[in-house]
Amino acid sequence: MKSIRGLLGMFVAVAGATGVLLACSDDDAPLTVTENDAGSDSEAAPETGSQCPPVATPACNAAKCTADLGEPAVCVSDTCVKLKSQDCQRVGGDLTGANQVVLGVLLAQNGSNATSGTTRINSIELAIKEINANGGIPDPDACKPARTLAYVACDDANLAGDAGADGGPGEPAIDRVRAGKHLVEELKVAAVIGGSTSGTTLDIAKNVTMPAKVLQFAPSSTAIAITAPTDFNASPDGTRLLWRAAPSDVVQSVVLQQMFLQVEAEVKTGGAASPKLALITKNDAYGKGILAAFKSDLKVNGAAIPNANFEAFEYKTNAADADGILQSEVVTGLQTFAPDIIVIAGTSEATDNIMRPYEAANPSKKPIYILADGLKKSELTLLVDPADTKQPAPADRDALRTRIRGTQPGVVTLLAQNFFNFGYKTAYGNDSVLAYGMAGSYDITYMLAYAIAATKGGPVDGTTLAKNMSLLVGGTNQISVGTAALSKGMNAMITGEKVDFNGASGPLDFDVATGEAPSDYSVWCVKVDPNNQKRVFEEAAGLSYSATDGKLVGAFNCP
């Protein structure tokens with residue numbers, strides 16, 4: 001089934017004119033777009049001519065609200081509402097347009113996920129600028145103004161604030177649920193793109209978006225629990241409202257298992273008669289999902305588990321957690337078990353608190369690490385950088401670098417290269433690095449714009465947007481993300497034509513019942529940048545997983 005995917009937390013609210021605008025024709029004929037001789041497809045609407053009657057600006061509008069309140073504001077139900085809040089400080093796009101649609105973002109801007117969150121917000125901003133510059137979202141009636149896009153970026157980091165007057169906990173400095181409620185209750189948004197991780201995505205869905213029947217679209221969350229949540233309804237009105245631009249970790253578990261079997265054969269060739277496997281997982285939705293799926297039908301040395309050559313460790317993120325053991329206890333367990341292969345599904349704390357001390361204390365044991373995408377962070381590149389002074393330190397950092405490989409959803413497509421090299425780097429600097437979730441975030445912004453166009457100038461709500469996503473699935477005409485096919489895509493949405501949306505993050509073959517799509521996986525490693533000798537991620541290390549074929553293809557080769 002053809003559809004929509006990928007690469008960030010985002011919210012949509014109509015904040016422009018609410019009255020009925022006069023049409024310049026007696027019928028509702030759809031917008032017709034004609035390409036020029038050069039094949040350009042950048043015009044968003046035909047010229048309206050001089051027959052359109054003048055349209056009065058509503059008394060309550062973004063420009064007036066902003067002037068009256070002294071900061072960016074929009075009109076919601078004839079009331080001026082500030083775009084910013086304690087948790088939502090970044091805004092952009094067309095902030096004073098007469099017919100706005102506000103896109104909000106709920107992605108980390110503080111904490112360990114701040115770097116990835118910022119690059120995803122940038123990717124959304126880039127798409128918004130492109131859409132606005134090409135005429136916005138047209139109305140079927142050429143006499144009505146096109147909708148333009150703005151955005152509000154909220155933080156989903158959850159940070160504690162100063163102590164209260166009585167010495168107890170004070171008001172949180174950053175609170176993702178509070179941020180979400182600002183967007184759905186005060187700004188009346190129709191869609192949310194977020195959160196940064198699977199855990200934050202589920203938290204936002206349970207406590208904010210699903211009760212309000214708001215569309216939520218996560219750019220990078222892969223936890224298996226998102227497919228069929230057990231403690232809330234992802235289709236509260238019968239339409240799937242929780243979507244993600246990333247595949248379920250059911251697929252990543254298959255990739256990790258196939259990579260293990262490949263590495264196991266390599267280790268045996270190297271002289272180990274009965275290689276040992278240690279599986280380390282975090283005690284959250286992400287780790288628990290991979291733990292269960294990876295162990296399914298797993299064989300170590302040809303024998304089903306449990307057996308003497310396999311050990312699983314589930315670690316706590318907080319000492320008070322009910323599930324799992326302390327990270328220091330994982331290190332002790334590894335020293336006793338002495339594995340030849342270590343598979344880890346967690347986040348940066350596993351790099352700093354498990355890999356780092358284990359490698360420092362056991363210089364003679366040289367296991368091969370197979371890492372899920374959650375560990376692909378700066379902490380890992382620092383761990384293998386000889387210039388890093390953090391302790392404890394591995395005895396031979398570069399040797400450790402060659403023993404690391406990992407998985408991530410998606411492959412680097414030509415569209416991703418175009419988006420990043422020609423668009424993102426131009427806007428945000430040549431030293432920018434393409435990272436997972438950026439292309440998906442860019443794709444999501446275009447998908448939401450197309451879903452808004454399919455309302456044909458009508459009201460925007462979560463259920464309507466979710467239903468309109470089906471127009472991006474299963475069509476015969478391919479519409480690629482970006483400006484080249486923008487007017488074709490808008491015209492198709494207005495006429496109700498299904499298209500085959502092709503994103504920078506991949507082909508986006510969505511199942512609209514689950515809000516997710518299958519995906520190829522790439523295998524990454526850490527390489528030495530020849531220009532500056534820094535340790536950086538090599539996004540495509542020669543090996544990948546084909547979702548169509550259900551197997552690994554290529555050969556692993558880390559520079």
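The values are calculated or read from the model by the stated rules, or taken from the named source; none is laboratory data. Please read these numbers as outputs of a predicted model, since none were measured by experiment. Note that each Cβ is placed from the backbone with ideal geometry, even for glycine, and that neighbours are counted across all protein chains shown. Areas reflect the complete protein model, heavy atoms only, side chains present, ligands, DNA and RNA absent. Shrake-Rupley method; radii C 1.70, N 1.55, O 1.52, S 1.80 Å.
Using only helices, what value at 222 nm comes out for the chain when you add -39,500 (n - 2.57) per DSSP H run of length 4 or more and divide by the total residues, to the nearest 500 deg cm²/dmol?
Working: 15 runs with 142 residues, N = 559.
Theoretical 222 nm ellipticity from helices: -7500 deg cm²/dmol.
Each of ASN318 and THR476 was given a label point 7 Å from its Cα along the Cα-to-Cβ line. The distance between the two points is 5.6 nm.
Among residues other than TYR424 with Cβ under 15 Å from its Cβ, the summed charge is -2 (Lys and Arg +1, Asp and Glu -1).
Over the chain, with the other protein chains present, what is the accessible area per residue in square angstrom, probe 1.4 angstrom?
Details: 22110 Å² over 559 residues.
That works out to 40 Å² for each residue.
For the chain, with all protein chains in place and a probe radius of 1.4 Å, 51% of the accessible heavy-atom surface sits on carbon or sulfur. In a fully extended conformation the segment linking CYS143 and ASN531 would gain 134.2 nm over its present Cα-Cα distance, using 0.36 nm per residue. Based on Cα contacts under 8 Å between residues 6+ apart, region 53-157 shows a relative contact order of 31 percent.
How high is the relative contact order of region 157-301, given as a whole-number percent (alpha carbon pairs under 8 Å, six or more residues apart)? Write down the numbers at each step before the final one.
Details: 197 pairs, mean separation 25.7, N = 145.
Worked out over region 157-301, it gives 18 percent.
Please report the net charge: other residues with Cβ closer than 11 Å to the Cβ of ASP340, K and R +1, D and E -1. Can you show the working numbers first?
Numbers: positive: LYS268, LYS276, LYS365, LYS366, ARG403; negative: GLU264, GLU266.
Local charge sum for ASP340: +3.
Kindly identify region 294-365 as rounded, prolate or oblate by the Cα gyration tensor criterion: order the square roots of the eigenvalues as a ≥ b ≥ c, call it rounded if a/c is under 1.5, otherwise compare a/b with b/c, prolate if a/b is larger, else oblate. Since a/c reaches 1.5 but b/c is at least a/b, the shape of region 294-365 is classed as oblate.
Using a ≥ b ≥ c from the Cα gyration tensor of region 123-267 (square roots of the eigenvalues), is it rounded, prolate or oblate, where a/c under 1.5 gives rounded and otherwise the larger of a/b and b/c decides, a/b for prolate? Verdict is oblate for region 123-267.
Neighbours of LEU241 by Cβ distance under 15 Å: Lys/Arg scored +1, Asp/Glu scored -1, total +1.
Between SER328 and THR426, how high is the FRET efficiency from 1/(1 + (r/R0)^6) when r is the Cβ-Cβ distance and R₀ = 56 Å? Nearest 0.05. So the FRET efficiency works out to roughly 0.75.
With a/c under 1.5 counting as rounded, go ahead and sort region 60-160 into rounded, prolate or oblate using the C-alpha gyration tensor (a ≥ b ≥ c being the square roots of the eigenvalues; past the cut-off, prolate if a/b is larger than b/c, else oblate).
oblate
With 31 Å as the limit on Cα-Cα distance, the pairs of LYS268/LYS295; LYS129/LYS534; LYS213/LYS376; LYS299/LYS467; LYS425/LYS551 that go past it are LYS129/LYS534; LYS213/LYS376; LYS299/LYS467; LYS425/LYS551.
With a Förster radius of 22 Å applied to the C-beta separation of ALA361 and ALA303, the computed FRET efficiency comes to 0.15. For region 504-517, backbone phi angles converted through the Karplus equation (6.51, -1.76, 1.60; θ = phi - 60°) give residue-by-residue couplings of 5, 8, x, x, 6, 8, 7, 9, 5, 6, 10, x, 8, 9 Hz, Gly and Pro being listed as x.
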